[in-house]
Structure formats: structure tokens, C-alpha cells
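Notes follow once the structure below has been shown.
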Amino acid sequence: MHDDVQKILIDEAAIQRRIAELGAELNAAYDDEDVPIFVCVLKGAFLFLADLVRHLRFRHEIDFMVVSSYGDATRSSGIVRILLDLERSIEGRHVVVVEDIVDTGYTIDYILRNLASRHPASLRIATLLNKPSRRKVEVPLDFVGFEVPDEFVIGYGLDYAQQYRNLPYIGVLKPSCYSDEP
Ligand code: IMP
């Protein structure tokens, strides 16, 4: 375990087992005719997308979006900005948004409303983690990996101050590792 990690919430094997199950759920939901587009919300979802698509048995495409939500290092403000948009149109296409974590819900709610205005054939959400205790806006989650308690988590794509994304597990940072910097 990394020195800065207080405890591991979800270990590597459990993550990989659950992602295989989510892959099976997606294989049951889509087929070759659908050719859905998987929209990876960067940066946090990059490992989840990479592992998830390797379980898919139907034709699909992937695209990327970079969004930033203003706020301090651990709390989202609800103001979301698109820093990098999709390369291709999603009009008339089946879309699956791939997220790392849904916390207050502000970010995914903004993304959903933005993508819905582009008239996709369908729009669903796959999120690795769900933190329902902190929800501020109701969002429909279609594919969920794990529910996590109200703790700030890091690893498997999720960061604190842009670090720890490489950890193969989901963990909780030691309190002494939080900086007081804004
Ligand atoms: P929301 O808008 O509050 O739902 O959170 C959106 C974004 O904040 C997520 O996509 C993450 O990038 C980040 N975030 C929320 N909770 C955590 C956490 O516990 N660890 C790391 N990042 C988080």
C-alpha cells in the first residue's frame, strides 16, 4: 500500500471483477447494430474506460471530453466548464457516458443536459463509483460499479491535486497528506 494511503476501500481484484460484470451488462444491453459511442470524461475515467471496453463484444466507438468543475480540491462548486469537447457528432447515436465518480451530481447533470441537446438516439451513464450521500441533483445512473461512503477517495484514475491516479485500488488519503493550499 502507498505510504500516503490510510486505507484501501476497494482492492484491485474487486475492481476488475466488477468491471467484468459491468462489461457483461453492457454486452446484454447493446449489439453490433447500435455501435454506441463511449464518452470518457477525463481525466478521472481513463483507467475505467480502458479496462471496461476490453470486455465489450459489440462494435463501438470511443471519444473523450475534458470537463472541469470549479471548487476547492475536494468539493465541487456546481459550475462546470467543457475544456475539450467531443471530436464527432453524437446526433442520432447511442451514447454511454463513462465517469469515475458521481458525488454531488453537478458534473454529470451538466454533461447529460449538454449532450442531450445534441439529440443522441439514447444517453446512458456508466460510473465506476457512486457517492449517493452527497447528492445535490438527481441523476439517472444506468451502470454503477460501487457505492462509496462520504469520504474523499483516490486511485484507479481518481486524484487528489492531480496525483495518485496510478494506484490500482480505491483508497482514502491520510489526513496529513491534504495541503492547506487552495
Ligand atoms: P460531482 O460534480 O460533485 O458529482 O463530482 C464530479 C467530479 O469531482 C468527479 O468526476 C471527480 O473528478 C471529482 N470527485 C468527486 N468526488 C471525488 C472523490 O472522492 N475523489 C476524487 N475526485 C472526486
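Bear in mind these aren't lab numbers, they're just calculated from the coordinates by the rules spelled out. Model, not experiment: these values are computed from the prediction. Heads up, the Cβs are rebuilt from the backbone with ideal geometry, glycines too, and the neighbour counts pull from every protein chain shown.
Within the chain, the longest segment free of exposed loop sites, counting trypsin sites (Lys or Arg not before Pro) that fall outside DSSP classes H, G, I, E and B and have at most 15 other Cβ atoms within 10 Å, spans 1-53. Along its principal axes, the chain has C-alpha extents of 51, 35, 27 angstrom, given from the largest down. For the pair residue 35 and residue 159, a Förster radius of 25 Å applied to the C-beta separation gives a FRET efficiency near 0.20, rounded to the nearest 0.05. Relative to the compact-globule estimate of 2.2 N^0.38 Å, the Cα radius of gyration of the range 53-154 comes out at 1.09.
Applying both filters, DSSP loop and at most 15 other Cβ atoms within 10 Å, to the GluC sites (Glu not before Pro) of the range 1-81 gives 33.
Between residue 68 and residue 116, the FRET efficiency from the beta-carbon distance, with R0 = 25 Å, is close to 0.75.
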